[in-house]
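Undergrad: One structure follows; several queries about it will come next.
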């Protein structure tokens, strides 16, 4: 069964609702309209039950930035975008999800525990070309422009370990509980 990651959550009411539906909740620490501070994420983390895992999303972070977030927030995973120093992988405290643009020539890091394939511009709400072949050894997350209307198609195409959504569950830049529920239901109906 494909798992669900709701990403870019910033409000406690959204986190509480998402925790009823998702397997993973992502907090974005990179500069973005969905960015939260480590302090904000630690506060929101208290709303998440132990049965839901928390992912910290970073773009080209330092080892210190990652370690601080893992310790203060209690992250279960880190998701790494962009160029990342090898030491972040070598000295990781939790499993790593390496994010790559689908179809890019970027190499999968040998110490990545999971690989997330995304659109060329992460968080843009754009899909990537779903005719792209994605064959890897690690469990695969698929992201990029997913929403309640197209998630079944991507699951049938790639059979991913998990699907990751952010803008596809938003209305006017805010998480939308109706869309969260519809996304969850669409994923579960695929099986």
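The values are calculated or read from the model by the stated rules, or taken from the named source; none is laboratory data. What you see is a predicted model; the values in this text were computed from it and never measured. Virtual Cβ from ideal backbone geometry, glycine too; neighbours counted across all protein chains shown.
Undergrad: Report, by residue number, each residue of the range 46-70 that is surrounded by 17 or more Cβ atoms within 10 Å (Cβ to Cβ) and in contact with a helix residue (DSSP H, G or I) (Cβ under 8 Å, 6 or more places away or on another chain).
TA: Listed by number, the residues that qualify are 47, 48, 52, 54, 56, 58, 61, 66, 69.
Undergrad: Please indicate, with yes or no, whether at least one residue in the range 54-71 is under 22 Å from residue 156 (Cα atoms) and part of a loop (DSSP other than H, G, I, E, B).
TA: no
Undergrad: Right, something else. Taking the range 2-47, which residues are assigned to a loop (DSSP other than H, G, I, E, B), in contact (Cβ under 8 Å) with a residue 12 or more places away in the chain and over 25 Å from residue 63 (Cα atoms)?
TA: The answer is 2, 11, 21, 22, 23, 47.
For (1) under 20 Å from residue 57 (Cα atoms); (2) over 15 Å from the mean Cα position of the chain (by Cα); (3) not in a loop (DSSP other than H, G, I, E, B), each residue gets a yes or a no:
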{"position": "97", "(1), (2), (3)": "yes, no, yes"}
{"position": "138", "(1), (2), (3)": "yes, yes, no"}
{"position": "183", "(1), (2), (3)": "no, no, yes"}
{"position": "188", "(1), (2), (3)": "no, yes, yes"}
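Undergrad: Kindly indicate whether residue 115 is surrounded by 21 or more Cβ atoms within 10 Å (Cβ to Cβ) and under 27 Å from residue 181 (Cβ atoms).
TA: no
Undergrad: I'd like to verify a number: residues in the range 128-175 that are without any contact (Cβ under 8 Å) to a residue 24 or more places away in the chain and within 18 Å of residue 115 (Cβ to Cβ), how many?
TA: 3
Undergrad: Still on this structure: Among what's in the range 8-27 and is under 17 Å from residue 99 (Cα atoms) and out of contact with any helix residue (DSSP H, G or I) (no Cβ under 9 Å at 6 or more places or on another chain), pick the residue that is surrounded by the most Cβ atoms within 10 Å (Cβ to Cβ).
TA: By that ranking, first place goes to 26.
Undergrad: Limited to the range 166-181, what total is found for residues that are within 12 Å of residue 7 (Cα to Cα) and not in a strand (DSSP E or B)?
TA: Of the residues in the range 166-181, 5 are within 12 Å of residue 7 (Cα to Cα) and not in a strand (DSSP E or B).
Undergrad: When you look at residue 55, is it on the phi < 0 side of the Ramachandran plot and free of Cβ contacts under 8 Å to residues at least 40 places away in the same chain, yes or no?
TA: no
Undergrad: Here is a further query. Read through the list (1) assigned to a loop (DSSP other than H, G, I, E, B); (2) under 16 Å from residue 187 (Cβ atoms), then give the number of the only condition that residue 129 fails.
TA: Answer for residue 129: the failing condition is (2).
Undergrad: Inside the range 99-124, can you point out the residues that are closer than 16 Å to residue 165 by Cα and either out of contact with any helix residue (DSSP H, G or I) (no Cβ under 9 Å at 6 or more places or on another chain) or not in a loop (DSSP other than H, G, I, E, B) (or both)?
TA: Selection gives 99, 100, 101, 102, 115, 116, 117, 118, 119, 120, 121, 122.
Undergrad: Do you know which residues across the range 144-165 are crowded, with 16+ Cβ neighbours inside 10 Å, modelled with pLDDT of 95 or more and not in a helix (DSSP H, G or I)?
TA: 146, 147, 148, 160, 161, 162, 163, 164, 165
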